[in-house]
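Novice: The structure follows.
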Amino acid sequence: MIEAGVDEAGRGPLAGPVVSAAVILSKEFKIEGLDDSKKLSEKKRNLLEKEIKDSALAWSIASASVEEIDELNILQASLLSMKRAVLKLEVQPQKVYFDGNHIPKIHLPSEAIVRGDTLIKSIMAASILAKVYRDRVMEELDKSYPKYGFKKHKGYPTKMHLDALKSHGPSKIHRLSFKPVKILIS
């Protein structure tokens, strides 16, 4: 059976897109050190990203924009990015495993698995691809919005980020529907 694992990165930040990855691994797939992206160093994630992309039967990355996050809410935008990632796969899976407890509306047999990024190898791989991709997006956005320090905190609500928000107000890539940003603009 062809199974895909799907995970997202970037639900908690105050800025930038939410990014999802879908990965289909072969039954023979073996990579040392595969784990939930949050448990791995940046260096290890970058090494594993290349191995995953080289070894996977199929993989894809998709996102939902800041505008979609503000319009839909973060949960619905996350589900939208997950659905987009599954639909972009070049190989159609027969079953899809989603990290967490929600499933986007897709016409494939699916299962939500809480803590799936610690249990299912394809979800672990998706977790890594999504995190590495989103981090790179935020590093690129740092060049356009250097006052906020996105390269360091990737949009998460650190003291540095909150201080920058207070000093400069929100940028075009801030999620205006998120409470810390909403408080500053009201």
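The values are calculated or read from the model by the stated rules, or taken from the named source; none is laboratory data. Every value quoted in this text rests on a predicted model; they were computed, and no experiment measured them. Here the Cβ is made from the backbone with ideal geometry for all residues, glycine too, and neighbour counts use every protein chain on show.
Novice: Of the residues Asp54, Asp35, which is under 10 Å from Ile128 (Cα atoms) and among the charged types (D, E, K, R)?
Specialist: Asp35
Novice: Just checking, how many residues over the range 111-158 are among the aromatic types (Phe, Trp, Tyr) and in contact with a Ser or Thr (Cβ under 6 Å, 6 or more places away or on another chain)?
Specialist: Number of matching residues: 1.
Novice: Among the residues in the range 93-101, are any of a type in the set (A, V, I, L, M) and surrounded by fewer than 22 Cβ atoms within 10 Å (Cβ to Cβ)?
Specialist: If we filter the range 93-101 for residues that are of a type in the set (A, V, I, L, M), which is where we start, we get 96.
The next check asks that each one be surrounded by fewer than 22 Cβ atoms within 10 Å (Cβ to Cβ); those that pass are none.
There is no residue in the range 93-101 that is of a type in the set (A, V, I, L, M) and surrounded by fewer than 22 Cβ atoms within 10 Å (Cβ to Cβ).
Novice: State the number of residues belonging to the range 115-153 that are within 18 Å of Leu48 (Cβ to Cβ) and in contact (Cβ under 8 Å) with a residue 24 or more places away in the chain.
Specialist: 19
For every residue, the table says whether it meets (1) out of contact with any helix residue (DSSP H, G or I) (no Cβ under 8 Å at 6 or more places or on another chain); (2) modelled with pLDDT under 95.
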site: Ile2; (1), (2): yes, no
site: Ala21; (1), (2): no, no
site: Leu34; (1), (2): no, yes
site: Leu47; (1), (2): yes, no
site: Met82; (1), (2): yes, no
site: Val91; (1), (2): yes, no
site: Ser110; (1), (2): yes, no
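Novice: Sticking with this structure for a sec: Does any residue in the range 66-94 that is on the phi < 0 side of the Ramachandran plot and in contact (Cβ under 8 Å) with a residue 60 or more places away in the chain come within less than 7 Å, Cβ to Cβ, of a residue that is hydrophobic (A, V, I, L, M, F, W, C) and part of a helix (DSSP H, G or I) six or more places away or on a different chain, and which pairs are these?
Specialist: Listed pairs, sorted by first residue: Ile69/Ala77.
Novice: While we're looking at this one, here's another question. Looking at this structure, is Glu90 of a type in the set (Asp, Glu), surrounded by fewer than 17 Cβ atoms within 10 Å (Cβ to Cβ) and closer than 17 Å to Val18 by Cα?
Specialist: When the stated conditions are applied, Glu90 does not pass them.
Novice: How about the range 122-186: which helices (runs of 4 or more DSSP H) wholly inside it have at least 2 residues that are of a type outside the set (Lys, Arg) and surrounded by fewer than 13 Cβ atoms within 10 Å (Cβ to Cβ)? Can you show your working first?
Specialist: Working: elements: 150-153, 159-168, 179-185.
Result: 159-168, 179-185.
Novice: Which residues, counting only those in the range 62-114, are polar (S, T, N, Q) and within 17 Å of Ala15 (Cα to Cα)?
Specialist: Answer for the range 62-114, where residues must be polar (S, T, N, Q) and within 17 Å of Ala15 (Cα to Cα): Ser63, Ser65, Asn73, Gln76, Ser78, Ser81.
Novice: With respect to Pro104, determine if the residue is in contact with a Phe, Trp or Tyr (Cβ under 8 Å, 6 or more places away or on another chain), crowded, with 18+ Cβ neighbours inside 10 Å and in a loop (DSSP other than H, G, I, E, B).
Specialist: Working: in contact with a Phe, Trp or Tyr (Cβ under 8 Å, 6 or more places away or on another chain): yes; crowded, with 18+ Cβ neighbours inside 10 Å: yes; in a loop (DSSP other than H, G, I, E, B): yes.
Taking the combined requirement at face value, the residue satisfies it.
Novice: Do you know which residues across the range 113-155 are charged (D, E, K, R) and in contact with a helix residue (DSSP H, G or I) (Cβ under 6 Å, 6 or more places away or on another chain)? Break it down into steps so the answer makes sense when it comes.
Specialist: First, the residues of the range 113-155 that are charged (D, E, K, R): 115, 117, 121, 131, 134-136, 139-140, 142-143, 147, 151-152, 154.
If the condition is that a residue be charged (D, E, K, R) and in contact with a helix residue (DSSP H, G or I) (Cβ under 6 Å, 6 or more places away or on another chain), then Asp117, Lys131, Glu139, Asp142, Lys147, Lys151, Lys154 are the ones that fit.
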